[in-house]
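Here's the structure, in structure tokens; my notes come after.
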Amino acid sequence: MKKVIMGNHALSYGAMLSRAQVVSAYPITPQTQVVELLSEMCADGTLNAQFIKVESEHSAMASCIGASVAGARAFTATSSQGLALMHEMLHWAAGGRHPIVMGNVNRSMAPGWSIWTDQNDSLSQRDTGWMQFYCASNQEVVDTVIQAFKVAERLMIPAMVILDAFALSHTYEVVDVPDQALVDRYLPPFKPEIKLTPADPRAFGGLTGSEHYMELRYKLEKAMEQAPALIEETGREYGKIFGRGLGLVDPYRCDDADFVFVTSGTAGYTARVAVDELRASGLKAGNLRIKVFRPFPFDRVREVLAKVRKAAVVDRNCSYGAGGIFYQEVKSAVYGRAGMPPLFGYIAGLGGRDITVDSFKEVAADALAKDKAEEEIVWIGVKK
Amino acid sequence: MSTEVKKEKKFTMTLPADELMACGHLACQGCGATLAMRYMLKALGQKTILCIPACCWAVIDGPYPYSSMDVPIYHCAFETAASTATGVKAGLEMTGDGETTVVAWAGDGGTFDIGIQALSGAAERNEDIIYVCYDNEAYMNTGIQRSSATPYGAWTTTTPVKHFKSRPKKDIVAIMAAHRIPYIATASVAYPEDFVKKFKKAKEIKGTRFFHVYAPCPTGWKSRPEDTVKLARLAVQNGYFPLFEIENGEKTTLNLKIKDRKPVDEYLRLQARFRHLTPEQVATVQAEVDQRWERLMKGCA
């Protein structure tokens, strides 16, 4: 059924269609509508779930972990400061192998207080062991939540579904809300092999000496290494049922491109417009939108970049002292490989500053004028 | 010659015989917290799940892949005993188990200090869990550092003798009573029958139930392991740790009436953590205990 819904409600519908059994959440701008709609759904029975109205995001994740280890499908959503407060529990969820799915609305970190978008909140959680999916449309948000549960539960690794504050969270778009019966066919109920039950008393997460700890982490990494193939496989399966495939990357006009923007989130769709305009003026441009950041889709990124002459990575984030985070990852993907193009890194759009078509044109002009990237990070649209 | 026994001698078991805690645990000698766990499980039975944050008990049950317990345990983060237990209960109910008792089992640091936010949140929502604070009056697992449960006058490694703790212990029971949860009780390892009775009662109540359990720690209190039960008994008899319950935040009942309340002197003398106290400082301790006792008596009236 087609509906006009906001990005935040797309997260709620995703959780509803996935039949989340426990939702535990705390409100934070710009995520609030996610939990408002879910609390209505739980109250009127549209969703058969317990909604725990916790007193903090830290408790939200802790109770999702409790619900998950008891064998229930758990969902939460947060943003920025809330995600940062959860940090300890993000390690716990991944380390304990609890396949929780969480929506995160990308919002800049304070100070100064900002409610507008950039990616430093979620990218700061890079090494917690969560999968990270960056979405660019409300349709993709609904679809990705459903797929994320499937992949998470198969691998017993939690997953974060991420969307830009306001640019997506509060933007209304037409969304084909999947049919519940079809979603049920795609996503079976959560039946973990081991759970917390008096019928099979076990101790979870006890003191673990150096003779065992490393093996647990090795298994987490090995499971994560299976994720790229599984995301593609479940994405194709999703495509067969719903007519929309889900992948690791979303290349746009890259096949014959000389110059490619590497983007993520909604900036990826703005980049498409820039690509079309640049092509109209004679530059064979393309856009590679990276959808999945963890696990990083090294192979897919290399496949696309091997065919182009130059690539510019546009980051809506900054790892202070090291530059754009996607830029670092893309560099590591091409390192030591023959036939890879020179890469250029740009930072744009922090704290919700718009990344426009002109921003991309500025990036293209800068990159095309140079033979190799400068050591200094290039900032787009900054008042120096 | 008749071999008939004139009168059959009967032994009455006052506690359930079931043991859900096995030997082989890692507690120190004379640990009050192990007695507390053993008694609680006797009362609650096998359909119990424990959520244990960082505290002595995070270690006591045994390292991975062992456990000395016959009930499942989720080792959770330090400040999350109440919030994890909340999630476990919700998860069980949503998967068809409405019967199992979910217990958050935390030390005083995890309750009075770092876990109080999650505990307050769960209590305000009246989550259907039993929260137990076994109180040994300091961060014992990390090596005896003061918590807000450490009493006035006590030595710890962060309140050295020259600068002992000058503030009274936080009144956690009053804080919990202010949440008007259905059931709050104190319990002592020196009174197992009272202990088991109250946990059995709590098991049948729905909503948040809070236990403040007094658990002497020979390692941290610098007392003799064989004095654990004696200290716990003295603390009840001198009014330092009275046995009482509060229903719905209002109805307070003293479970063990004390006729002649003992002075605190002997109780303090058996613990080297109080050795430095001058007679004036002992009088301060006594005055504080008297004041709390009077307040409790007023509450019971």
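FYI, it's all coordinate maths here, none of it is from the lab. Only a predicted model underlies this, so the values are computations on that prediction, with no experimental measurement involved. Here Cβ is always computed from backbone atoms with ideal geometry, including for glycine, and neighbour counts include all displayed protein chains.
Distances between placed amide hydrogens fall under 5 Å for B:Thr158 paired with B:Arg146, all partners being 5 or more residues away or on another chain.
Among the residues of B:61-68, the average count of other protein chain beta-carbon atoms within 10 Å of the residue beta-carbon is 5. Shown here for segment B:189-258: trypsin sites (Lys or Arg not before Pro) in loop regions (DSSP other than H, G, I, E, B) with at most 14 other Cβ atoms within 10 Å, namely B:Lys206, B:Lys257.
Considering only B:Gly143, A:Thr270, A:Met131, and ranking their Cα positions along the charge dipole of the protein assembly as shown that arises from unit charges at the beta-carbon of Lys, Arg, Asp and Glu, the one farthest toward the positive end is B:Gly143.
As a rough guide to protection, the peptides A:62-72, B:268-278, B:127-137 ranked by mean Cβ packing within 10 Å, highest first, stand as A:62-72, B:127-137, B:268-278.
Note on A:205-213: average number of Cβ atoms from other chains within 10 Å of each residue's Cβ is 5. Peptide A:46-52 is shielded by partner chain Cβ atoms: per residue, an average of 3 of them sit within 10 Å of its Cβ.
The lysines whose alpha-carbon is closer than 25 Å to the alpha-carbon of B:Lys10, local same-chain residues fewer than 8 away aside, are B:Lys42, B:Lys197, B:Lys200.
With 0.36 nm allotted per residue and the present C-alpha distance subtracted, the B:Leu296-B:Lys251 stretch has 15.1 nm of extension available. Karplus-derived 3J(HN,Hα) values for segment A:42-53, using 6.51 cos²θ - 1.76 cosθ + 1.60 with θ = phi - 60°, are 5, 5, 8, x, 4, 10, 7, 8, 8, 9, 9, 8 Hz; glycine and proline are entered as x. Backbone amide hydrogens, once placed in the peptide plane, bring A:Ala77 within less than 5 Å of A:Tyr26, A:Gly103, excluding anything fewer than 5 places away on its chain.
On a C-alpha basis, how far is the centre of segment B:171-234 from the centre of segment A:41-102 in Å? Whole number, if you could? Segment B:171-234 and segment A:41-102 have Cα centres spaced 31 Å from each other.
Extents of chain A, taken as max minus min of Cα coordinates on every principal axis and listed largest first, are 67, 52, 45 Å. Our note on the geometry: Cα centres of segment A:181-198 and segment B:236-291, 53 Å apart.
A crude spin-label estimate for the pair A:Asp184 and A:Ala110, with each label 7 Å from Cα along the Cβ direction, gives 4.4 nm.
Placing dummy labels 7 Å off each Cα toward the beta-carbon, the span from A:Glu376 to A:Val174 is 4.7 nm. Bridge orientation summary for chain A: considering DSSP beta bridges with both residues in this region, about 25 percent are antiparallel. Between helix A:7-17 and chain A there is an angle of about 40 degrees, using the helix long axis and the longest principal axis of the Cα atoms. In sequence order, segment A:120-126 has phi-based couplings of 5, 5, 6, 5, 5, 9, 3 Hz under the Karplus curve 6.51 cos²θ - 1.76 cosθ + 1.60, θ = phi - 60°, and Gly or Pro positions carry x.
In order along segment A:154-162, phi translates into HN-Hα couplings of 5, 9, 6, 9, x, 9, 10, 10, 10 Hz, rounded to whole numbers, per the Karplus curve 6.51 cos²θ - 1.76 cosθ + 1.60 with θ = phi - 60° and x for Gly and Pro. Measuring between alpha carbons in the structure, the pairs from A:Lys195/B:Lys198; A:Lys310/A:Lys361; A:Lys53/B:Lys89 lying more than 24 angstrom apart are A:Lys195/B:Lys198.
Computed over the alpha-carbon atoms, segment A:249-379 gives an Rg to Rh ratio of 0.92, Rh here being the Kirkwood radius from the mean inverse distance.
Shape of segment B:148-301 from its Cα gyration tensor (a ≥ b ≥ c, root eigenvalues): rounded if a/c is under 1.5, otherwise prolate when a/b > b/c, or oblate? Because a/c hits 1.5 or more and a/b exceeds b/c, segment B:148-301 counts as prolate. Of A:Ile241, A:Ile100, the sequence from fewest to most neighbouring Cβ atoms within 10 angstrom is A:Ile241, A:Ile100. Over chain B, dividing the summed -39,500 (n - 2.57) contributions of all DSSP H runs of at least 4 residues by the number of residues returns a 222 nm mean residue ellipticity of -9500 deg cm²/dmol. Where in segment A:190-224 does the label zone of A:Asp127 land, with the point 7 angstrom along Cα→C-beta and an amide N cut-off under 20 Å? Within reach of a label on A:Asp127, which here means backbone N under 20 Å from a point 7 Å along Cα→Cβ, segment A:190-224 contributes A:210, A:213-224. Taking amide H as placed 1.01 Å from N in the peptide plane, the amide H of A:Arg294 sits under 5 Å from that of A:Gln132, each at least 5 places away or on another chain. Our Cα-only numbers for the protein assembly as shown put the radius of gyration and Dmax at 29.7, 123 Å.
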